[in-house]
Amino acid sequence: MLDEQSAREVAERYVDAWNSHDAERIEPLVTSDVVWLDPALPEPARGVEEVKDFMRRSWVAFPDLHLTSGPMWLEPHGESMTWSWRMEGTHDGVIDPPGFASTGKRIDIDGIDVWDFAQGRIERYRAYYDMATLARQIGAMPPPGSAGERVGVLLQRTQARFARR
């Protein structure tokens, strides 16, 4: 069973792994068959090597990526925890996937993770954050109410009309 002290230690080591930009530091925190669900991934990363690959690609896209830990909540039976975080960085590399070119723009995103544990390690990881906000911050999506958004709405309506035929 996970207690508050153990949960805080895992969260601190997790933040350290991301902020050190050393993917090897995640390995002791996750099970070998971890399932990692993140909105930035087209499908879940499965296993520690895929998670490390995701981390490395994140650092290519955001070389100065930095996480800050927020409040945490433990599930009453000690098998899961939820915690909030803040992610900041500069988009100075390709985001792969989908292949967005570097824009040099800053991101500042708040999110929440839910971790399910097995033998004190993260077995199932779920991240929740607003990809639309991230896309707007790097310039991949137009700001709300802008001419770009209006053009996008027009294109979507045209596409929807043809799709219904």
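The values are calculated or read from the model by the stated rules, or taken from the named source; none is laboratory data. This one's a predicted model, so the numbers in the text were calculated from it and none came from an experiment. All Cβ positions, even for glycine, are placed from backbone atoms using ideal geometry, and neighbour counts span all protein chains on display.
Determine which member of the set Trp73, Trp83 is surrounded by fewer than 15 Cβ atoms within 10 Å (Cβ to Cβ), aromatic (Phe, Trp, Tyr) and more than 14 Å from Ala23 (Cβ to Cβ). If you could, list the steps in order and put the result at the bottom.
On the way: Trp83 fails: surrounded by fewer than 15 Cβ atoms within 10 Å (Cβ to Cβ).
Going through Trp73, Trp83 in turn, just one is surrounded by fewer than 15 Cβ atoms within 10 Å (Cβ to Cβ), aromatic (Phe, Trp, Tyr) and more than 14 Å from Ala23 (Cβ to Cβ): Trp73.
Just to be sure, is Trp36 at pLDDT 95 or above, closer than 19 Å to Val114 by Cβ and hydrophobic (A, V, I, L, M, F, W, C)?
On the way: at pLDDT 95 or above: yes; closer than 19 Å to Val114 by Cβ: yes; hydrophobic (A, V, I, L, M, F, W, C): yes.
It is true that Trp36 is at pLDDT 95 or above, closer than 19 Å to Val114 by Cβ and hydrophobic (A, V, I, L, M, F, W, C).
Exactly one condition in (1) in contact (Cβ under 8 Å) with a residue 12 or more places away in the chain; (2) in a strand (DSSP E or B); (3) loosely packed, with under 15 Cβ neighbours inside 10 Å is false for Asp64; which is it?
(2)
Report the residue count in the range 134-165 for those that are outside any loop (DSSP other than H, G, I, E, B) and exposed (fewer than 14 other Cβ atoms within 10 Å of the Cβ). Give the derivation first.
Going through the range 134-165, the residues outside any loop (DSSP other than H, G, I, E, B) turn out to be 134-138, 147-163.
With the extra rule that they be exposed (fewer than 14 other Cβ atoms within 10 Å of the Cβ), the set shrinks to 147-148, 150-163.
Here the count works out to 16.
Name the single residue, out of those in the range 74-90 being more than 13 Å from Val15 (Cα to Cα) and touching a helix residue (DSSP H, G or I) at 6+ places or on another chain (Cβ under 9 Å), that is modelled with the highest pLDDT. Give the derivation first.
Step one: of the range 74-90, the residues more than 13 Å from Val15 (Cα to Cα) are 74-82, 89-90.
Applying the additional criterion that residues be touching a helix residue (DSSP H, G or I) at 6+ places or on another chain (Cβ under 9 Å) yields 74, 78, 81, 89.
On the way: Leu74: 91, Gly78: 75, Met81: 95, Gly89: 98.
Among them, the one singled out is Gly89.
Give the residue, chosen from Arg86, Arg8, Arg46, that is basic (Lys, Arg), in contact with a strand residue (DSSP E or B) (Cβ under 8 Å, 6 or more places away or on another chain) and within 20 Å of Gly139 (Cα to Cα).
Working: Arg8 fails: within 20 Å of Gly139 (Cα to Cα); Arg46 fails: within 20 Å of Gly139 (Cα to Cα).
When all the criteria are applied, what remains is Arg86.
Take the residues in the range 51-61 that are charged (D, E, K, R) and surrounded by 16 or more Cβ atoms within 10 Å (Cβ to Cβ), then tell me which one is farthest from Ile122 (Cα to Cα).
Start the filter on the range 51-61 by keeping residues that are charged (D, E, K, R), which leaves 52-53, 56-57.
Now drop any that are not surrounded by 16 or more Cβ atoms within 10 Å (Cβ to Cβ), which leaves 52, 57.
On the way: Lys52: 14, Arg57: 21 Å.
It comes out as Arg57.
So which residues in the range 91-133 are among the hydrophobic types (A, V, I, L, M, F, W, C) and either in contact with a helix residue (DSSP H, G or I) (Cβ under 9 Å, 6 or more places away or on another chain) or surrounded by 14 or more Cβ atoms within 10 Å (Cβ to Cβ) (or both), if there are any at all?
Step one: of the range 91-133, the residues among the hydrophobic types (A, V, I, L, M, F, W, C) are 94-95, 100-101, 107, 109, 112, 114-115, 117-118, 122, 127, 131-132.
Of everything in the range 91-133, those that are among the hydrophobic types (A, V, I, L, M, F, W, C) and either in contact with a helix residue (DSSP H, G or I) (Cβ under 9 Å, 6 or more places away or on another chain) or surrounded by 14 or more Cβ atoms within 10 Å (Cβ to Cβ) (or both) turn out to be Val94, Ile95, Phe100, Ile107, Ile109, Ile112, Val114, Trp115, Phe117, Ile122, Ala127.
Could you check the range 123-148 and list, in sequence order, the residues that are over 25 Å from Trp36 (Cα atoms) and in contact (Cβ under 8 Å) with a residue 24 or more places away in the chain? Steps first, please.
Narrowing the range 123-148 to residues over 25 Å from Trp36 (Cα atoms): 139, 141-148.
Gly139 - this is the single residue of the range 123-148 that is over 25 Å from Trp36 (Cα atoms) and in contact (Cβ under 8 Å) with a residue 24 or more places away in the chain.
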